[in-house]
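The structure appears right after this line, and notes come after that.
Values in this text are rule-based calculations from the coordinates and carry no lab data. Worth saying up front: this structure is predicted, and the values here are computed from it rather than measured. Neighbour counts are summed over all protein chains in view; Cβ atoms, including those assigned to glycine, are modelled from backbone coordinates with ideal geometry.
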Amino acid sequence: MAISTRIRIAIVSFASLFYFKKRSKVIFYHDIHSDKKYTEMSTPIEVFKNHIQIILENGYEIVAEITKPIGQIEICFDDAFLGLFENIDLIKKLKIPIQLFVISSYLNKKNHINKEQLIELNYNSLFIISSHTKSHKILNDISEDEIRAELKDSKSELEGLLGCEVSAICFPEGKFNHRVVQIANSLDYKKQYSSLPGFYYNEVFPSVKRRSLVQFANKTEFESILKGGDHLLSFWYKFKHYKK
């Protein structure tokens, strides 16, 4: 384990002693795998199962949408890699709702799910399909017209394919600014997900939700993140992800 990783885990573990109030929060992954791995960001199946067990053992409810300030966990996956679809039986067995953020132009691309598979997931009541933009451009580095196209085209393409409303978006690499938020609001994205750690109701801006990345977390780090230990790093993440 790298020294930087050990230091981060130590900071998160220490901070969790002061933050813990069992407040509701969003956690996210990129993919899961058993044998074949479609991205280096993928989480081994056994690690994912252990995370779910820890959530339940700590008395949280895993929900499709957080509605209470205490005791609920929402789980997201970004990018729509193929491993999640190939391991759909595990999701069904665990009966856990998943919000999947899809890059609309990546459908049918290598290592990603295709349009038919996305339609199949959409028919499954455990899945909510949301936008991860059209082509995963970093939104705070492009023009206003490009931002609008990334958000609008993705929404219209997914809604046309699935025949249902797409009302949430996740910012690529978690990066955004006030202009991105304004455009997303104007396009009727009711929820916008960042990568800034924090509790669900501690919004960055109205409609912008916080999330905690947990894909490589071991037992100690994961339990500490649930308790809010990673919130101490929020200022650092905001420095990296938010541009005025």
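The amide H of residue 43, built 1.01 Å from its N in the peptide plane, has 30, 31, 32, 33 as neighbours under 5 Å, considering only residues 5 or more places off or on other chains. Springs between Cα atoms under 10 Å define the GNM used for the chain, and in it the highest mean-square fluctuation of 177, 140, 114 occurs at 177.
Using a Gaussian network model on the chain with a 10 Å cutoff between Cα atoms, which of 125, 195, 104 fluctuates the most? Largest GNM mean-square fluctuation: 125. Quick check: from the Cα gyration tensor, does segment 33-108 come out rounded (a/c under 1.5), prolate or oblate? Taking the square roots of the gyration eigenvalues as a ≥ b ≥ c, segment 33-108 is oblate.
Here's the picture: a label point sits 7 Å out from the Cα of residue 148 along the beta-carbon direction, and within segment 166-205 the residues with their amide nitrogen under 16 Å of it are 179-189. Using DSSP to call loops (not H, G, I, E or B), can you name the trypsin sites (Lys or Arg not before Pro) in segment 143-208 whose Cβ has at most 13 other Cβ atoms within 10 angstrom? Here the sparse-neighbourhood loop sites are 190.
Averaging Cα coordinates gives a centre for segment 151-168 and one for segment 86-118; these two points are 16 Å apart.
Model label sites at residue 54 and residue 173, defined 7 Å from Cα along the beta-carbon direction, differ in position by 2.8 nm. Remark: spin-label model distance residue 185-residue 40 equals 3.8 nm, labels positioned 7 Å along the Cα→Cβ axis. Would you work out if the chain is rounded, prolate or oblate? Take a ≥ b ≥ c from the square roots of the eigenvalues of the alpha-carbon gyration tensor; rounded if a/c is under 1.5, else prolate when a/b is larger than b/c, oblate otherwise. Note, shape of the chain comes out oblate. Among the DSSP helices (H) of the chain, those spanning at least 15 angstrom by Cα along their long axis with an average Kyte-Doolittle hydropathy of -1.0 or more are 3-19, 45-57, 144-162; this is a geometric and hydropathy rule only. Do the alpha carbons of any pairs in 93/238; 25/110; 152/175; 68/92; 191/240 sit beyond 27 Å of each other, and which pairs? Over 27 Å apart, Cα to Cα: 93/238; 25/110. Of the trypsin sites (Lys or Arg not before Pro) found in segment 35-103, those that fall in a DSSP loop while having at most 13 other beta-carbon atoms within 10 Å are 36, 95.
Label separation (residue 89 vs residue 124): 1.2 nm, computed from points 7 Å beyond Cα along the C-beta direction. What residue among 98, 138, 62 shows peak mean-square fluctuation when the chain is described by a Gaussian network model with Cα springs under 10 Å? Looking only at 98, 138, 62, the largest GNM fluctuation is found for 138.
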